[in-house]
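The values are calculated or read from the model by the stated rules, or taken from the named source; none is laboratory data. Everything numeric here is computed off the predicted structure, so don't read it as measured data. Every residue, glycine as well, gets a Cβ built from its backbone with ideal geometry; the counts of neighbours run over all protein chains shown. Ligands, DNA and RNA are stripped out before the accessible areas are found, and what is left, the full protein with its side chains, is counted by its heavy atoms. Shrake-Rupley method; radii C 1.70, N 1.55, O 1.52, S 1.80 Å.
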Amino acid sequence: MVPDRGGDRAVIERSRQRSAGCGVEPDRLYPRRILEGAALAERLAQRRDLVVAAEPYLARLHSFLRGSAFFALLTDGEGCILSVLGDETILEEAFSLRMVPGAFMDEASIGTNAMGIALAEGQSVQVSGSEHFVTAYHRWSCSAAPIKDAQGTIIGSLDLSGRRDAMHLHTLGMVVAAVGAIENTLVLNARNEALLEQRRFTETLLDSIKEGIISVRLEGDILSVNAQALDMFGYSRDELLGLGIEGLLPCWRDLRAACLEGREYANEDAAVTVRTNRLYFNLGTYPIQGSGGRPEAIILLFKDVKKGRKHANEIMGRRALYTFDKIIGTSPAIRAAIDFSKKVADSRSTILISGESGTGKEIFAQAIQNASPRRDEAFVVLNCGAISPTLIESELFGYTEGAFTGAKRGGHPGKFEIADKGTIFLDEIGEMPLEMQIRLLRVIEEGTVMRVGDSREIPVDVRVIAATNKELSIEVQAGRFRMDLFYRLNVLPIRLPPLRERPDDIPLLVEYYMRKASRKLNKKPVEIPPGYLDRLSNLEWPGNIRELENHIEFLIMSEGLPSEGRRAALPESAVLAPAAPGAPGAVGPSLDAAEQTLVRATLLECGNNVTKAARHLGIGRNTLYRKIQRYQIDCSIMGQ
């Protein structure tokens, strides 16, 4: 028996009148308005704060109601669905009515429903069976509540929908409780963002100063350090905090005593223990007085000695570059991807990075890892397309001793166990076999893995970042990828633009890879004339950044652009109308010969190791084998 909900009836009747006034047809199947493609991606990016705040609570509702034929929906303030989570069976039924991300559930689009009423009336409501305006929704029971920001403005709604025979008033109570938690999260996130903005302002101000600055309590605790000081001494921030001021500054005790006596250091030479040596820097001290007139902390100001600066730069030159500030590009498309990636780096939610081959998906994944609270933990990479289907299960989940022929004595942990407390990067996720997808989904949802040949569940705390160069929604429709796994991975989608969509970045990339390749190959950089650079900027670059890097290396290996009257060949795969003969940047006549020379030289340099040579060239092994066959290269003769 359905409980009496007399208080909702007047609200529902007003909604039905509004729906009729909007011309909604009772026999309508799909919402009038559905966003797809770039329009949907743009809206998700604009509402990312709401999506990030709500995702943990959608996941919790889904976990609690798993198997009960209910699914959760999140909409924005206009009724556009931003996220859907539920069991595959009920999702298939909902998706058949196009209740998908991008569909609008407001009254003008689909008539009376719980989400539309919650947005229109600003109150929680439950709508069941024939109370829906369109007949197709008579199968559902829906409970929704509006989500409001700190100013009381409605910015979205949360809904639980299921078959009407499962309706219960407690469902609405769960939704209201979840909405309250989401609203509190939004308020806290806004406050944290304000504090972070203030902190970023202070840090930027300190980092803009050319001298190294460290603030220290009199007890010796380091309070803050600017980027210049880290650059001077060759430490990361965490390394310096772990070293402590006494480990960095041998004269600290004398300096502290002088400060307590009212004496200050001014332009004094002081020995500093940098990463691999002890160097002298010019030091000044500025005490911070407490309320009683006694110093509580000291600001230390370090100025470079020329020799010390050179040594510190040599130290820093060997540091890893996979951080956001090292990603090359100023175009709006790449900056948007970077800004969103920074925003979600500290989230626990799964991330799906999509983009064509060669757009830098793994670099973004590593940058997200380095910007996250898991930066000091493991970052484990698995290319799902490079492992045979028979091995991927043991690679991911590990195996016990005797699980199969050839299993190691004592067994072996899988990638998820190795990545515990850290991050696993699943590249080419679209290549994962279907039978493995259900196991991956279980690990993501339950946080446990089971080794092959074992029955014991092993808890793991792993952040999942997946990447694909396929359109997974199409793979879902074709039955090659599970719908529930797709929506579980696609919580925080990041799209990396192909190189052809960011031509303004090509000059920057050319300059960067020219320096990098010339150092690696121990050859002089090549001067690129403006005409040739313009043609590079207008190419399609189907291989994207990887192809551009290979072409720059080809120019250096072939000793650059030929003398006056000729130009080096453009990449073979480039799509571009040929330039007029003799025009600046015209295509040279000997591309095959140049490529053959490059392949031969690289194989020789790599000792005829095809795998190593392919990695060096930035192409697949099969591609390299085809080139070896095409140019009839005998590797055994080359090695003699």
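Hey, which of these cross-link pairs are over 30 Å Cα-Cα: LYS210/LYS326; LYS326/LYS421; LYS361/LYS520; LYS326/LYS520; LYS470/LYS523; LYS520/LYS627? As for pairs spanning more than 30 Å Cα to Cα, those are LYS470/LYS523.
What does the helix-only formula give at 222 nm for the chain: each DSSP H stretch with n ≥ 4 adding -39500 (n - 2.57), the total divided by the residues, and the result rounded to the nearest 500 deg cm²/dmol? Computed ellipticity for the chain at 222 nm equals -13000 deg cm²/dmol. Only the Cβ atoms of Lys and Arg (+1) and of Asp and Glu (-1) were treated as charged; on that basis the dipole of the chain about its Cα centre amounts to roughly 1160 debye. Estimated from the Cβ-Cβ distance and a Förster radius of 41 angstrom, the FRET efficiency linking GLU457 and LEU218 is about 0.20. One way to sum up the overall shape of the range 1-121 is the equivalent ellipsoid from its Cα gyration tensor, whose semi-axes run 23, 20, 15 Å, largest first.
How large is the Rg to Rh ratio of the range 315-465 when both quantities use alpha carbon positions and Rh follows Kirkwood? Display every interim value, and only then the final one.
On the way: Rg = 16.8 Å, Rh = 16.7 Å.
Reported Rg/Rh, Kirkwood definition of Rh: 1.01.
Under the simplified labelling scheme, the TYR625-GLU605 pair shows an inter-label distance of 2.4 nm, with each label point 7 Å from Cα along Cα→Cβ. Computed from the C-beta positions of GLU13 and GLU296 and an R0 of 45 Å, the FRET efficiency is 0.10 to the nearest 0.05.
Here is what passes the span test in the chain: the DSSP H helices with alpha carbon length of 27 Å or more along the helix axis and a Kyte-Doolittle mean of -1.0 or above are 169-207. At q = 0.05, 0.08, 0.09 Å⁻¹ the log10 of I(q)/I(0) for the chain amounts to -0.33, -0.81, -0.97, computed by Debye summation with a single uniform scatterer per C-alpha, solvent ignored. The fraction of Cα-Cα pairs per 10 angstrom bin, counted from 0 for the range 135-240, comes to 12, 24, 18, 13, 15, 11, 6, 0 percent, rounded to whole percents.
Given a 1.4 Å probe, how much area per residue of the chain is accessible, in Å²?
On a per-residue basis, the chain sits at 49 Å².
Rounded to 0.05, the FRET efficiency of the ALA386 and GLN123 pair, given R0 = 51 Å and the Cβ-Cβ distance, is 0.45.
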